[in-house]
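The values are calculated or read from the model by the stated rules, or taken from the named source; none is laboratory data. Just so it is clear, the model here is predicted, and its values are computed rather than measured. Heads up, the Cβs are rebuilt from the backbone with ideal geometry, glycines too, and the neighbour counts pull from every protein chain shown.
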């Protein structure tokens, strides 16, 4: 029997194990066979040296306790718990909706601040461009000093817009990361955790 046949047969006999546990056991025996082959044994000799599939599967089955093979049962609500849930629903349901509304309004407010920051950036860029055009018009007109001052103000707005761009970009990345983590947290609340 070669290594692949051995592992396939062993995997079939470990039907009571979870897929993760089964894969860990198969990897263990795969490495054991590989180690023996590195020591100079042929593949068939290495498989024979590991032992019989039936004996190994029997040992693995004996190692598994009944608690590990049992699936957790869902807890059923008792009658008095159901009655309390129904009678208390006007209170807890309205409090739940209020809490969700507060959380949602805070989240929307954060995004509104971010949109406002991007609007300020766009305004700074627009002002820089408009002041540059106005300064050039004044510079070639009769008010040269006013034109120079307006061009200087245009450069200040352009510099501020560069800082605003990097700040808005970082804030956007942060809010997107916050949104992803919040969505994953909500998802984990509603999904079942895998039992090891």
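Restricting attention to the range 131-155, the residues that are touching a residue at least 24 places away in the same chain (Cβ under 8 Å) and either surrounded by fewer than 16 Cβ atoms within 10 Å (Cβ to Cβ) or not assigned by TED's automatic domain parsing to the domain that holds residue 179 (or both) add up to 1. Looking at this structure, is residue 20 more than 30 Å from residue 170 (Cβ to Cβ), modelled with pLDDT under 85 and either loosely packed, with under 13 Cβ neighbours inside 10 Å or under 36 Å from the mean Cα position of the chain (by Cα) (or both)? Taking the combined requirement at face value, the residue satisfies it.
Whether any residue in the range 38-46 is surrounded by 15 or more Cβ atoms within 10 Å (Cβ to Cβ), touching a residue at least 40 places away in the same chain (Cβ under 8 Å) and touching a helix residue (DSSP H, G or I) at 6+ places or on another chain (Cβ under 9 Å) is what I want to check.
First, the residues of the range 38-46 that are surrounded by 15 or more Cβ atoms within 10 Å (Cβ to Cβ): 41, 43, 46.
Remaining after also requiring touching a residue at least 40 places away in the same chain (Cβ under 8 Å): 43, 46.
From what is left, the residues that are touching a helix residue (DSSP H, G or I) at 6+ places or on another chain (Cβ under 9 Å) are 43, 46.
Looking through the range 38-46, at least one residue is surrounded by 15 or more Cβ atoms within 10 Å (Cβ to Cβ), touching a residue at least 40 places away in the same chain (Cβ under 8 Å) and touching a helix residue (DSSP H, G or I) at 6+ places or on another chain (Cβ under 9 Å).
Residues that are at pLDDT below 85, touching a helix residue (DSSP H, G or I) at 6+ places or on another chain (Cβ under 9 Å) and either over 30 Å from residue 182 (Cβ atoms) or in the same structural domain as residue 182 (by TED's automatic domain parsing) (or both) do not occur anywhere in the range 77-88.
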